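The values are calculated or read from the model by the stated rules, or taken from the named source; none is laboratory data. These numbers come from a predicted model, not from an experiment. All Cβ positions, even for glycine, are placed from backbone atoms using ideal geometry, and neighbour counts span all protein chains on display. Heads up: the accessible areas ignore ligands, DNA and RNA and are worked out on the full protein's heavy atoms, side chains in. Shrake-Rupley method; radii C 1.70, N 1.55, O 1.52, S 1.80 Å.
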Amino acid sequence: MATQTSAQSNPLAAVVAGLAATGGAVDLEQLRRTVDTMVPFCNHVGVRVTELAPDHGQAELPVRPELQNHFGTVHAGALFLAAEVAGAAAFAGAMAPRITQLQGFVLRSSRIAFLKPANGRVRARATLEQKAIDAVLMGSHAGRFELAGLALLHDDADVLLGRVELDYVAWMGAASS
């Protein structure tokens, strides 16, 4: 049995359905608010999408004792989550012009290099491969595509804490006439 994304199972689908119905331009702030709160685990951890733009996404990880490891620094899993959320925000912002045709996307793989221990609040800023974005946005065909991204993790002093390479696979439906 094939599964379909619906507004009931995917809050992003409700926003996309609303955009498709109005035929208007994508409201990036509305999209940011939706992406910011749609994943229950992100809400549980407290990671927030603070920026969603056509060229990047940004997320922040709060200072919370339960996000620390046994050394008192931010746990690697929490750092990865911040990077992954920033990447998802960057993806949504980049695909905004064709988001009503987006059928799904998944983070296929990632590679992390932790450079320094993280103490306190963490900011993750992600960008995607512009050449691939341009090809998808310029094209009118449906189908599968791949997209690479990079998230950089910084602390409040702007010290680079880590680099996370992101490898996405996505599916675009045909444009409706």
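Quick notes on this structure:
- Note on segment 136-150: among residues that are in contact with a strand residue (DSSP E or B) (Cβ under 8 Å, 6 or more places away or on another chain) and of a type in the set (A, V, I, L, M), the one that is nearest to Val164 (Cα to Cα) is Leu150.
- Figure legend. Inter-residue proximity from segment 142-166: first residues among the charged types (D, E, K, R), second residues open to solvent by 40 Å² or more (accessible area, probe 1.4 Å) and not in a strand (DSSP E or B), beta-carbon distance below 6 Å, spacing 6+ or different chains. Indicated pairs: Asp156/Arg121.
- For segment 74-127, a residue qualifies if it is open to solvent by 10 Å² or more (accessible area, probe 1.4 Å), under 20 Å from Leu160 (Cα atoms), in a strand (DSSP E or B) and of a type in the set (Gly, Ala, Ser), and the qualifying residues are Ser110, Ala113.
- Among the numbered conditions (1) modelled with pLDDT of 85 or more; (2) in contact with a Gly (Cβ under 8 Å, 6 or more places away or on another chain); (3) outside any helix (DSSP H, G or I), the only one that Gln58 does not meet is (2).
- Each residue in segment 160-177 was checked for being surrounded by 13 or more Cβ atoms within 10 Å (Cβ to Cβ) and in a loop (DSSP other than H, G, I, E, B), and 1 of them qualify.
- Output for segment 119-146, where each listed residue is among the hydrophobic types (A, V, I, L, M, F, W, C) and modelled with pLDDT under 95: Ala132, Ile133, Ala135, Val136, Leu137, Met138, Ala142, Phe145
- For segment 55-72, residues that are touching a residue at least 40 places away in the same chain (Cβ under 8 Å) and surrounded by 17 or more Cβ atoms within 10 Å (Cβ to Cβ) total 6.
- Scope segment 21-35; condition closer than 21 Å to Leu150 by Cβ and charged (D, E, K, R); matching residues: Arg32
- The one condition from (1) in contact with a Pro (Cβ under 8 Å, 6 or more places away or on another chain); (2) closer than 27 Å to Glu146 by Cβ that Arg48 does not meet is (2).
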